Amino acid sequence: MSSQHKNLSDFSGAEIPSAEKYRFGIVVAEWNTEITGALYQGAYDHLVKYGAKEENIFTYQVPGSFELTSGADLLLKKGGLDAVIVLGCVIQGETRHFDFICDAVANGVSNVAIKYSKPVIFGVLTTNNHQQAFDRAGGKYGNKGDEAAITAIKMAHLAETLNG
Ligand code: DLZ
């Protein structure tokens with residue numbers, strides 16, 4: 001379903017496990033910081049809202065979305081985390097940078113997740129313009145950061161259920 005028809009912060013009907021015992025890493029891109037800051041706030045607040053302890057949320061910044069993959073890789077290599085959330089915002093420009101960055105980060109974080117067998121949650125907005133990004137970073141379509149946090153909690157819970 002396109003996010004145009006879905007509020008990214010609407011979780012009604014879905015059971016959300018407690019995040020109390022999990023440790024989370026959040027990697028945030030500095031590009032489009034007015035958007036990624038809002039995504040971060042949504043993600044952080046939702047982790048805490050569902051029980052995560054503030055001391056169990058580890059935040060790191062990277063220059064741009066392209067670096068989210070290596071940020072997640074470095075965090076998981078260090079160990080001790082149940083899930084990592086990557087947050088970025090790539091806005092379509094006049095060059096093909098957009099395509100390269102979006103493809104690289106989507107493939108990159110998938111590979112990191114498989115490499116470490118840990119959830120890596122894709123909280124990256126890929127939009128045509130700033131307005132579409134604002135609409136999805138606390139605007140009329142909710143906040144993708146909220147959605148990323150809930151996904152991280154559910155995946156940490158799934159990993160615990162399957163792996164013990
Ligand atoms: C270079 C670049 C461009 C053009 N656009 C964005 C963007 O919209 N969002 C984003 O997060 N990063 C962008 N970057 C920076 C790249 O992600 C990366 O930081 C640089 O290419 C250095 O590797």
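Close amide H contacts of Asn143 (hydrogens built in the peptide plane, cut-off under 5 Å, sequence separation of 5 or more or a different chain): Leu8, Ser9, Gly138. Using only Cα atoms, find the angle between the long axis of helix 144-163 and the longest principal axis of the chain, and express it within 0 to 90 degrees, rounded to the nearest 10. The answer is roughly 30 degrees.
In the context of the full protein assembly, Ile153 retains an accessible surface of approximately 0 Å², using a probe radius of 1.4 Å and ignoring ligands and nucleic acids.
When the Cα positions of Phe122, Gly42, Cys89 are compared along the charge dipole of the chain, Phe122 comes out farthest toward the positive end, with charges on each C-beta of Lys, Arg, Asp and Glu. With the cut-off at under 15 Å, measuring from each backbone N in segment 96-139 to a point 7 Å along the Cα-to-Cβ line of Ala159 picks out 109-123.
Relative to the Cα centre, the charge distribution of the chain, modelled as +1 at Lys and Arg Cβ and -1 at Asp and Glu Cβ, gives a dipole magnitude of about 300 debye. To the nearest ten degrees, helix 33-49 and the longest principal axis of the Cα atoms of the chain are 20 degrees apart. Just give me a number: lysine pairs in segment 58-163, eight or more positions apart or cross-chain, with C-alpha atoms less than 25 Å apart. Total qualifying Lys-Lys pairs in segment 58-163 comes to 12. Report, in whole Å, the centroid distance computed from the Cα atoms of segment 127-164 and segment 51-118. For segment 127-164 versus segment 51-118, the Cα centre distance is 13 Å. For the chain, the longest principal axis of the Cα atoms and the long axis of helix 97-116 meet at an angle of about 10 degrees.
Counting only DSSP beta bridges whose two residues both lie in segment 58-163, roughly 20 percent are antiparallel. Across segment 58-163, Cα pairs under 8 Å and at least six residues apart give a relative contact order of 29 percent.
Taking amide H as placed 1.01 Å from N in the peptide plane, the amide H of Thr59 sits under 5 Å from that of Ile26, each at least 5 places away or on another chain.
The values are calculated or read from the model by the stated rules, or taken from the named source; none is laboratory data. Since the structure is predicted, the reported quantities are computational estimates derived from the model, not experimental observations. Cβ: placed from backbone, ideal geometry, glycine included. Neighbour counts: every protein chain shown. Surface areas here come from the heavy atoms of the whole protein model, side chains and all, with no ligands, DNA or RNA. Shrake-Rupley method; radii C 1.70, N 1.55, O 1.52, S 1.80 Å.
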